[in-house]
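Report on the following structure.
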Amino acid sequence: FPDSAEATYGICLKATNGFGCSDSICEPITVKGRNLVFIPNSFTPDGDGLNDIYEINAQGLEINSFRFAVFNRFGQEVFATTNPNFKWNGTFNNQDLPEGVYVYELSYASKYLTKAVNDSGVMQIFR
(Lines give C-alpha, C1' and ligand atoms only; values in the text may rest on other atoms or scores of the structure.)
Protein backbone atom coordinates (compact mmCIF):
# COMPACT_ATOMS: atom_id res chain seq x y z
CA PHE A 1 0.00 0.00 0.00
CA PRO A 2 1.18 3.58 -0.51
CA ASP A 3 2.66 5.63 2.30
CA SER A 4 0.49 8.69 1.93
CA ALA A 5 -1.73 8.66 -1.18
CA GLU A 6 -5.29 7.44 -1.11
CA ALA A 7 -5.91 4.54 -3.49
CA THR A 8 -8.57 1.92 -4.20
CA TYR A 9 -7.68 -1.76 -4.54
CA GLY A 10 -9.67 -4.82 -5.57
CA ILE A 11 -9.54 -7.45 -2.84
CA CYS A 12 -10.74 -11.02 -3.43
CA LEU A 13 -11.35 -13.89 -1.03
CA LYS A 14 -11.61 -17.49 -2.23
CA ALA A 15 -12.60 -20.29 0.13
CA THR A 16 -13.02 -24.03 -0.27
CA ASN A 17 -14.51 -26.30 2.37
CA GLY A 18 -13.59 -29.90 3.13
CA PHE A 19 -16.18 -31.20 0.64
CA GLY A 20 -14.64 -29.31 -2.27
CA CYS A 21 -17.31 -26.60 -2.41
CA SER A 22 -15.79 -23.23 -3.16
CA ASP A 23 -16.92 -19.64 -3.37
CA SER A 24 -15.33 -16.26 -3.83
CA ILE A 25 -16.13 -12.61 -3.34
CA CYS A 26 -14.34 -9.49 -4.57
CA GLU A 27 -14.81 -5.99 -3.23
CA PRO A 28 -13.00 -2.69 -3.73
CA ILE A 29 -11.44 -1.15 -0.64
CA THR A 30 -10.09 2.35 -0.30
CA VAL A 31 -6.88 2.81 1.65
CA LYS A 32 -6.63 6.37 2.92
CA GLY A 33 -2.86 6.24 3.28
CA ARG A 34 -0.68 4.79 5.95
CA ASN A 35 -1.07 6.05 9.50
CA LEU A 36 2.42 6.84 10.65
CA VAL A 37 3.32 7.57 14.25
CA PHE A 38 6.98 8.17 14.90
CA ILE A 39 7.93 8.04 18.59
CA PRO A 40 11.59 9.02 19.13
CA ASN A 41 13.55 6.86 21.57
CA SER A 42 15.81 9.69 22.79
CA PHE A 43 16.52 13.41 22.76
CA THR A 44 19.18 15.79 24.04
CA PRO A 45 17.68 18.85 25.75
CA ASP A 46 21.07 20.44 26.44
CA GLY A 47 20.51 23.84 24.85
CA ASP A 48 22.75 23.34 21.82
CA GLY A 49 19.84 23.81 19.40
CA LEU A 50 20.06 20.22 18.12
CA ASN A 51 17.40 17.70 19.16
CA ASP A 52 16.46 19.81 22.21
CA ILE A 53 12.70 19.21 21.92
CA TYR A 54 10.82 15.93 22.20
CA GLU A 55 7.80 15.52 19.95
CA ILE A 56 5.83 12.77 18.26
CA ASN A 57 5.20 12.87 14.54
CA ALA A 58 1.72 11.55 13.70
CA GLN A 59 1.00 11.88 9.99
CA GLY A 60 -2.47 11.50 8.53
CA LEU A 61 -4.21 10.42 11.70
CA GLU A 62 -6.88 13.09 12.20
CA ILE A 63 -6.74 12.36 15.92
CA ASN A 64 -10.01 12.44 17.92
CA SER A 65 -8.46 11.85 21.35
CA PHE A 66 -4.85 11.82 22.53
CA ARG A 67 -2.84 11.38 25.71
CA PHE A 68 0.92 11.10 26.10
CA ALA A 69 2.62 10.74 29.49
CA VAL A 70 6.21 10.23 30.64
CA PHE A 71 7.21 8.56 33.93
CA ASN A 72 10.50 8.47 35.79
CA ARG A 73 12.05 5.27 37.18
CA PHE A 74 9.96 5.61 40.34
CA GLY A 75 6.69 5.71 38.38
CA GLN A 76 6.12 9.42 38.97
CA GLU A 77 4.45 11.19 36.06
CA VAL A 78 6.89 13.92 34.96
CA PHE A 79 5.10 15.04 31.80
CA ALA A 80 1.60 14.64 30.36
CA THR A 81 -0.34 16.22 27.53
CA THR A 82 -3.52 15.81 25.53
CA ASN A 83 -2.18 17.94 22.67
CA PRO A 84 -0.96 15.73 19.78
CA ASN A 85 1.23 18.60 18.53
CA PHE A 86 3.09 18.96 21.83
CA LYS A 87 6.74 19.94 22.20
CA TRP A 88 8.49 18.97 25.45
CA ASN A 89 11.81 20.37 26.67
CA GLY A 90 12.64 17.63 29.20
CA THR A 91 11.70 19.54 32.33
CA PHE A 92 9.50 18.78 35.34
CA ASN A 93 8.35 21.63 37.61
CA ASN A 94 10.64 23.98 35.65
CA GLN A 95 13.70 21.84 36.49
CA ASP A 96 15.77 19.86 33.99
CA LEU A 97 15.19 16.15 34.39
CA PRO A 98 18.38 14.10 34.82
CA GLU A 99 19.79 11.91 32.08
CA GLY A 100 18.24 8.50 32.09
CA VAL A 101 15.59 6.17 30.79
CA TYR A 102 11.94 7.15 31.07
CA VAL A 103 8.77 5.20 30.32
CA TYR A 104 6.07 6.66 28.09
CA GLU A 105 2.42 5.77 27.62
CA LEU A 106 0.57 6.82 24.48
CA SER A 107 -3.15 6.52 23.82
CA TYR A 108 -4.96 7.90 20.80
CA ALA A 109 -8.02 7.39 18.65
CA SER A 110 -8.50 8.35 15.03
CA LYS A 111 -11.43 8.33 12.67
CA TYR A 112 -9.37 5.99 10.46
CA LEU A 113 -8.92 3.35 13.18
CA THR A 114 -11.56 0.91 14.39
CA LYS A 115 -10.29 1.02 17.98
CA ALA A 116 -8.10 3.22 20.14
CA VAL A 117 -4.35 2.59 20.23
CA ASN A 118 -2.63 2.12 23.59
CA ASP A 119 1.15 1.90 23.46
CA SER A 120 4.03 2.16 25.89
CA GLY A 121 7.78 2.09 25.64
CA VAL A 122 10.96 3.74 26.79
CA MET A 123 12.78 6.88 25.78
CA GLN A 124 16.06 8.31 26.99
CA ILE A 125 17.23 11.79 27.89
CA PHE A 126 20.88 12.60 27.15
CA ARG A 127 22.43 15.86 28.34
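Taking the inverse of the average 1/r across all pairs of different Cα atoms in the chain, what Kirkwood radius in Å do you get? Intermediate results must be reported in sequence, preceding the final value.
On the way: mean 1/r = 0.0569 Å⁻¹.
Evaluated over the chain, this radius sits at 17.6 Å.
Can you sort 44, 30 by solvent-accessible area, 1.4 Å probe, largest first?
I get 30, 44, largest accessible area first.
Quick check for you: with a 1.4 Å probe and neighbouring chains kept, what is the accessible area per residue of the chain, in Å²? Spell out each step's value before the answer.
On the way: 8700 Å² over 127 residues.
Computed with neighbouring chains in place, this is 68 Å² per residue.
Out of the total accessible area of the chain (probe 1.4 Å, heavy atoms of protein only), what percent is carbon and sulfur?
Values: 4320 of 8700 Å².
Carbon plus sulfur share of accessible area: 50 percent.
In percent, what relative contact order does the chain have, based on Cα pairs under 8 Å that are 6 or more apart in sequence? Could you put the intermediate results ahead of the total?
Details: 250 pairs, mean separation 27.5, N = 127.
Averaging sequence separation for qualifying contacts and normalising by length gives 22 percent for the chain.
Multiply the residue separation of residue 124 and residue 16 by 0.36 nm, subtract the distance between their alpha-carbon atoms, and state the gained length in nm to one decimal. If you can, show how the numbers build up before the last one.
Working: separation 108, 0.36 × 108 = 38.88 nm, distance 5.13 nm.
Difference between extended and current length: 33.7 nm.
Using a 1.4 angstrom probe on the protein heavy atoms only, could you order 8, 81 from most to least accessible area? Please report the intermediate quantities before stating the final value.
On the way: 8 95, 81 25 Å².
Ranked list, largest accessible area first: 8, 81.
If a/c stays under 1.5 just call it rounded; otherwise compare a/b with b/c (prolate if a/b is bigger, oblate if not). Do that for the range 25-89, with a ≥ b ≥ c from the square roots of the Cα gyration tensor eigenvalues.
Numbers: a/c = 3.02, a/b = 2.07, b/c = 1.46.
Prolate shape, in that a/c is at least 1.5 and a/b is the bigger ratio.
The values are calculated or read from the model by the stated rules, or taken from the named source; none is laboratory data. Because the structure is a prediction, the values reported are computed rather than measured. The accessibility values were calculated without ligands, DNA or RNA, using every heavy atom of the protein model including side chains. Shrake-Rupley method; radii C 1.70, N 1.55, O 1.52, S 1.80 Å.
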